[in-house]
Structures are given as C-alpha cells and as structure tokens.
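Engineer: One structure follows; several queries about it will come next.
The values are calculated or read from the model by the stated rules, or taken from the named source; none is laboratory data. These numbers come from a predicted model, not from an experiment. Cβ coordinates were reconstructed from backbone atoms using ideal geometry, including for glycine residues, and neighbour counts include every protein chain displayed.
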Amino acid sequence: MIALTGTPGTGKTTVAKIVAKRTGWTHLDLNKEIVRRKLYSGYDHKRKSYIADMKKVTAFVKEFVAKENGVIVDGHLSHNLPANVVDEVIILRCSPAVLKKRLEGKKWPKEKVAENVEAERIGIVAWEARKNHRNITEIDTTRAGQEAVATKVEKALKGRPPKGKDIEWLK
C-alpha cells in the first residue's frame, strides 16, 4: 500500500489516478471515502472540512487493502496511517507561490489558501510523515506536468526515487 500525500493542491488525486491506470493498482481517494463512509468525528465550519476520525479511517483502509493487490491511497492525511499499513509514502510538494495560485484557482477562501500555503512552506506534511514512516520520497510538482510526476512516482515505487535532497522552501 502506497500513501500518496501532500498539501492540498499539489496534484495527488490526478497523479494517483494516472499511476493506478498505468500499474493496474486500485486508487483509493481517502478524502472522498472519509465523507462517503462517515469516517469523521465532526465538521469544522471555519475550515469548511470534515474532521477525520483516524481510528475509523485506519480500520477502513486496513479492510480495503486486505481485499486488493496493490493500492495507492491518495489524500493529505494518508501519511497519518500507521506504518504497519503503509509500505511507502510519496509526498508531492509544490513551491508556495505556485501552490497559492493553484488554490486560488479553485476559488478557496483566502484564509484556507493562506493556511495551506504556510503548511507547504514549512513542510508540515513531510515532517508528520517522517515521524511515523521510514520509506519516504518527496517529489516537486512545481514545474512538472502530471504525467511526468506520475513517472517519478512509478520510479520511486521501483526503488529509483528522484535524486536530490528533501525539499526545503525555507532557505
């Protein structure tokens, strides 16, 4: 099971669909399933989003993965799944300036855009992923097309991750 994670707007869902189609793996859109299966504990009206119940989410993913032969789970919370469920974590990153434009293009509220841009700037998803997982690859989606990013994900899954250091926007 591969967790494809990153700040909202980095390209997770599109890339996950491409990789799943190319590999024959099953794509699991975690955010959609959290809402569809009511795997949440409440709703945050300020952020206009559901509050995932990670115990429920983990139980669902464990059951789902057990029935499949290769799953790519995409969602900005997928890195929070336990290490005994996840084989590898791929983190999609995007420069904060470009991410801001992407999120504004989705007509998100300014406060939500600012919060997510700041989360990307300081690398919160990467930091959280490293707390729980060892097999992690970061891929910069800033200037790469979705097909190219999908190819990088596939290479990482074959043990050939992109060369370079961890992505750091604060320099």
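Engineer: In the range 139-153, what residues are crowded, with 16+ Cβ neighbours inside 10 Å and assigned to a helix (DSSP H, G or I)?
Structural biologist: Val149, Ala150, Thr151, Lys152, Val153
Engineer: Restricting attention to the range 106-138, which residues are assigned to a helix (DSSP H, G or I) and charged (D, E, K, R)?
Structural biologist: Initially, the range 106-138 is screened for residues assigned to a helix (DSSP H, G or I), giving 110-122, 124-132.
If the condition is that a residue be assigned to a helix (DSSP H, G or I) and charged (D, E, K, R), then Lys110, Glu111, Lys112, Glu115, Glu118, Glu120, Arg121, Glu128, Arg130, Lys131 are the ones that fit.
Engineer: Can you tell me which residues in the range 24-68 are surrounded by 14 or more Cβ atoms within 10 Å (Cβ to Cβ), among the polar types (S, T, N, Q) and at pLDDT 95 or above?
Structural biologist: Thr26, Asn31, Thr58
Engineer: Taking the condition surrounded by fewer than 17 Cβ atoms within 10 Å (Cβ to Cβ) and at pLDDT 90 or above, does Lys171 pass?
Structural biologist: Values: surrounded by fewer than 17 Cβ atoms within 10 Å (Cβ to Cβ): yes; at pLDDT 90 or above: no.
It is false that Lys171 is surrounded by fewer than 17 Cβ atoms within 10 Å (Cβ to Cβ) and at pLDDT 90 or above.
Engineer: Quick one: count up the residues across the range 6-50 that are closer than 22 Å to Glu88 by Cβ, among the charged types (D, E, K, R) and more than 18 Å from the chain's Cα centre (by Cα).
Structural biologist: Adding up the residues that qualify gives 1.
Engineer: Is it the case that the range 107-119 has a residue that's of a type in the set (Asp, Glu), under 16 Å from Trp169 (Cβ atoms) and surrounded by fewer than 15 Cβ atoms within 10 Å (Cβ to Cβ)? So that I can check it myself, show each step before the final result.
Structural biologist: At the first step, the residues of the range 107-119 found to be of a type in the set (Asp, Glu) are 111, 115, 118.
This time we only want the ones that are under 16 Å from Trp169 (Cβ atoms), so: 115, 118.
Remaining after also requiring surrounded by fewer than 15 Cβ atoms within 10 Å (Cβ to Cβ): 118.
Checked the range 107-119: at least one residue is of a type in the set (Asp, Glu), under 16 Å from Trp169 (Cβ atoms) and surrounded by fewer than 15 Cβ atoms within 10 Å (Cβ to Cβ).
Engineer: Would you check if Val85 is part of a loop (DSSP other than H, G, I, E, B) and under 21 Å from Glu138 (Cβ atoms)?
Structural biologist: Against the criterion (part of a loop (DSSP other than H, G, I, E, B) and under 21 Å from Glu138 (Cβ atoms)), Val85 qualifies.
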